[in-house]
Amino acid sequence: MSELMTLTLADKLYRTKYEPDESHPHIKVNDAACEKCSDKPCLFFCPAEVYKRDANNAQHVAVSHENCLECGTCRYGCPHAAIDWQNPNGAMGVKYRFG
Ligand code: SF4
Ligand code: SF4
């Protein structure tokens, strides 16, 4: 079995480095749309588990934008177009440690 197959998600994410832009989160969600979204596919399609069910309101999702790998999936994966995803400001966001 290859090394990559035995790594946990946390191990894999450690291979990336982030410069999160705390003052300007590059992901925003429309809570009103999320309240009507029963399947919440964002909880499953994001490879970095950026979207989690909000502990204070199960109808909303909590967004850990600082973990975003900038893969672009959520621009297309949300069935209600409730995710406003912008590129992080220059020099911010994900940086890959190994190339
Ligand atoms: S898939 Fe879109 S609408 Fe549904 S919970 Fe996630 S962000 Fe909200
Ligand atoms: S761009 Fe990719 S990694 Fe970032 S939040 Fe969307 S699905 Fe997750």
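The values are calculated or read from the model by the stated rules, or taken from the named source; none is laboratory data. This one's a predicted model, so the numbers in the text were calculated from it and none came from an experiment. Note: ideal-geometry Cβ built from the backbone for every residue, glycine included; neighbour counts use all protein chains shown. For the accessible areas, the whole protein counts, side chains as well, though only heavy atoms, and no ligand, DNA or RNA atoms are used. Shrake-Rupley method; radii C 1.70, N 1.55, O 1.52, S 1.80 Å.
Would you list the strands (runs of 3 or more DSSP E) that sit entirely within region 4-99 and hold 3 or more residues that are within 16 Å of ligand 1 (Cβ to nearest atom)?
So the answer is 27-29, 51-54, 57-63, 83-85.
Considering region 54-74 alone, what residues qualify as being exposed (fewer than 13 other Cβ atoms within 10 Å of the Cβ) and over 18 Å from residue 20 (Cα atoms)?
Residues satisfying the conditions are 55, 56, 57, 58.
I need the full set of residues from region 38-65 which are at pLDDT below 95 and within 10 Å of residue 27 (Cβ to Cβ), in order please.
64, 65
Working only within region 56-99, note down all residues that are on the phi > 0 side of the Ramachandran plot and out of contact with any strand residue (DSSP E or B) (no Cβ under 9 Å at 6 or more places or on another chain).
81, 99
Considering only residues that are within 17 Å of residue 65 (Cα to Cα), free of Cβ contacts under 8 Å to residues at least 12 places away in the same chain and open to solvent by 100 Å² or more (accessible area, probe 1.4 Å), look in region 1-53 and name the one that is farthest from ligand 2 (Cβ to nearest atom).
Top of the filtered list is 14.
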